[in-house]
Amino acid sequence: MARLTHTSTIPILTSTLNPNDYRATVVPMIDFLLDPWEFAFMQRALLAACLAALVCSVIGVFVVLRGMGFMGDAVAHSSLAGMSVAYFFGGSVFWGAFAWAVPASLAITFISRKAKVKVDTAIGIIFASGFAIGIILMSQVNNYTADLFALLFGNVLAVSWEEVFLVALV
C-alpha cells in the first residue's frame, strides 16, 4: 500500500513491501494470460497456426530464393475461383482451392513458355482472372451474405481437429 508523506514542501510517495500485494497483482495477470488456453478451440488454433508457420517458413525460404514470391500470391488469390465453385456446389472449400491452385500454377508455366511472355506477366494474368472469376461466382450465390475476406482468410479459431490433421499432412 502506498501512502503520501510530507517531509518538507515536496510530497514523497513511499510504499511498504507487502508480499500479499505482489501476489494479488501478479496472479490475476497470469490467470488472464493462461485462462484462454483452457478452451479446446484455442488449443486447436495455436496448433494449426504453429503447423502453418512451420510449413510456410520452410517453403517461404525456397520461394523467395527462387524469386517466386508473386507466384504464391497469385496462386493463393486465384484459388478464390475454386473455393467459389466448391461453395456453390456444397463441397469443401479447401479441396476446391486445391483443385484450382494446381492447374493455375501449371497454367502460369504454360503461358510463360508458349506465349513468350515473362513469368510476371503470366502470373498477373492468372492472378487477375482467377480472382475475378471467384468474385463473379460468389456474387451469383443467393444465400451467401458474408464478406469475401472471411472466405479468403478464414478464421483460425474455428479450426476443427480434422483440419489440424489436414494442415499437419500438408
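The values are calculated or read from the model by the stated rules, or taken from the named source; none is laboratory data. Keep in mind the model is a prediction, meaning the values are calculated, not measured. Counting neighbours? That spans all protein chains shown, and the Cβs are built from the backbone with ideal geometry, glycine included. Areas reflect the complete protein model, heavy atoms only, side chains present, ligands, DNA and RNA absent. Shrake-Rupley method; radii C 1.70, N 1.55, O 1.52, S 1.80 Å.
Accessible area per residue for segment 70-168 is 62 Å², calculated with a 1.4 Å probe on protein heavy atoms, without ligands, DNA or RNA. The overall shape of segment 46-135, judged from the alpha-carbon gyration tensor, is oblate: a/c is not under 1.5, and a/b is no greater than b/c.
Quote the FRET efficiency, to the nearest 0.05, computed for M29 versus A53 with a Förster distance R0 of 30 Å and r equal to the Cβ-Cβ distance. The pair M29/A53 has a calculated efficiency of 0.70. What the phi angles of segment 109-121 give under the Karplus curve with 6.51, -1.76 and 1.60, with θ = phi - 60°, is a coupling list of 5, 4, 5, 5, 8, 7, 8, 6, 10, 5, 4, 4, 5 Hz, glycine and proline written as x.
Packing around the peptides 93-104, 110-121, taken as the average count of other Cβ atoms within 10 Å per residue, puts them in this order, highest first: 93-104, 110-121. In plain terms, the chain from T109 to F62 could stretch by 15.2 nm, reckoned as 0.36 nm per residue minus the Cα-Cα distance. Residue-wise HN-Hα couplings along segment 65-82, as the Karplus relation 6.51 cos²θ - 1.76 cosθ + 1.60 with θ = phi - 60° gives them from phi, are 5, 7, x, 10, x, 5, 5, x, 5, 5, 5, 5, 6, 6, 6, 4, 5, x Hz; Gly and Pro carry x.
A simple rule links phi to the HN-Hα coupling: the Karplus curve 6.51 cos²θ - 1.76 cosθ + 1.60 with θ = phi - 60°, which for segment 34-51 gives 9, 4, x, 7, 6, 7, 5, 5, 6, 5, 5, 5, 5, 5, 5, 5, 5, 5 Hz, with x for Gly and Pro. Nonpolar atom fraction for segment 45-146, defined as the carbon and sulfur part of the 1.4 Å probe accessible area, stands at 73 percent.
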